[in-house]
1. When residues of the range 1-17 are filtered for being polar (S, T, N, Q) and either modelled with pLDDT of 95 or more or outside any loop (DSSP other than H, G, I, E, B) (or both), how many remain?
2. Of the residues that sit in the range 1-17 and are within 16 Å of Val164 (Cα to Cα) and small (Gly, Ala, Ser), which one is surrounded by the most Cβ atoms within 10 Å (Cβ to Cβ)?
3. Among the residues of the range 68-79, are any hydroxyl-bearing (Ser, Thr, Tyr) and farther than 27 Å from Arg28 by Cβ?
4. Of all residues in the range 106-129, count the ones that are touching a residue at least 60 places away in the same chain (Cβ under 8 Å), crowded, with 22+ Cβ neighbours inside 10 Å and out of contact with any Asp or Glu (no Cβ under 7 Å at 6 or more places or on another chain).
5. How about the range 47-73: which of its residues are assigned to a loop (DSSP other than H, G, I, E, B) and either under 23 Å from Leu20 (Cβ atoms) or touching a helix residue (DSSP H, G or I) at 6+ places or on another chain (Cβ under 6 Å) (or both)?
6. Restricting the search to the range 74-84, which residues are part of a helix (DSSP H, G or I) and touching a residue at least 24 places away in the same chain (Cβ under 8 Å)?
7. What number of residues in the range 85-98 are polar (S, T, N, Q) and in a loop (DSSP other than H, G, I, E, B)?
8. Kindly provide the set of residues from the range 74-103 that are touching a helix residue (DSSP H, G or I) at 6+ places or on another chain (Cβ under 9 Å) and either basic (Lys, Arg) or under 22 Å from Leu32 (Cβ atoms) (or both), ordered by number.
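The values are calculated or read from the model by the stated rules, or taken from the named source; none is laboratory data. All values derive from a computational prediction rather than experimental measurement. As a convention, Cβ positions derive from the backbone with ideal geometry for all residues, glycine included, and neighbour counts pool all protein chains shown.
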Amino acid sequence: MSGGLVAVWGAIGGGKTGLLLEVAAALRDRGLAVGGVVQPRVFAEGALVGYALLDVGSGARRPFASRSDRQERPRWDFDAGGWGWAAERIRASLAADQVTVVDELGLLEARGAGHLPALRASPHRGALLLGVRGDARDALGLLLGGFAAEVQVSEGAARVLGAVLPLLGERGGAHGTSPISGPGAPAAG
């Protein structure tokens, strides 16, 4: 179901996380409840060394991925506990918040893994604002049943807000729930 899904898409390192955090702050300034998780980059001595998980609602943060020495893919070592930590926060936000932010959806999610199971397992009551890698955008759109809007990072925060706010108005703050559908999604009930 495409009902309330807004994809903010761009390349790796293209500014999706920063833009999502900017939009989340603007939505909170409007009095909306915003939660979910983003994956900010972690640098050491100017070099990208990993990614963290950041709870958009509380500001809690934890390590998530570190660069591996492998030459083949995957080139990142993920903290297995991080997936569960993120899933808990995604599910809680989907159940309680008007806007749930999830970053980053990429090739893992396009294969049905990563953050996708948490998104699919829980009905949502508002808008979903998703950070989507450009190289996985089409596949994720199919898996999630389409996006209500797709905004390229370069279009900026005003364009993202312009895509999200009407979704919330149409749903009147959305007290109903809408499960994410698409091929392979869990059956309702």
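1. Keep residues of the range 1-17 that are polar (S, T, N, Q), which gives 2, 17.
So of that shortlist, the ones also either modelled with pLDDT of 95 or more or outside any loop (DSSP other than H, G, I, E, B) (or both) come out as 17.
Looking only at that region, the number is 1.
2. In this case the residue turns out to be Ala7.
3. Our first condition is that a residue be hydroxyl-bearing (Ser, Thr, Tyr); within the range 68-79, this holds for 68.
Now drop any that are not farther than 27 Å from Arg28 by Cβ, which leaves 68.
There is at least one residue in the range 68-79 that is hydroxyl-bearing (Ser, Thr, Tyr) and farther than 27 Å from Arg28 by Cβ.
4. Here the count works out to 5.
5. Going through the range 47-73, the residues assigned to a loop (DSSP other than H, G, I, E, B) turn out to be 56-60, 68-73.
Within the range 47-73, Val56, Gly57, Ser58, Gly59, Ala60 qualify.
6. Passing the criteria: Gly82, Trp83.
7. So the first thing to find is which residues in the range 85-98 are polar (S, T, N, Q), and the list is 93, 98.
Those still in the list that are in a loop (DSSP other than H, G, I, E, B) too: 98.
Result for the range 85-98: 1.
8. Correct list: Ala86, Glu88, Arg89, Ile90, Arg91, Leu94, Gln98, Val99, Thr100, Val101, Val102, Asp103.
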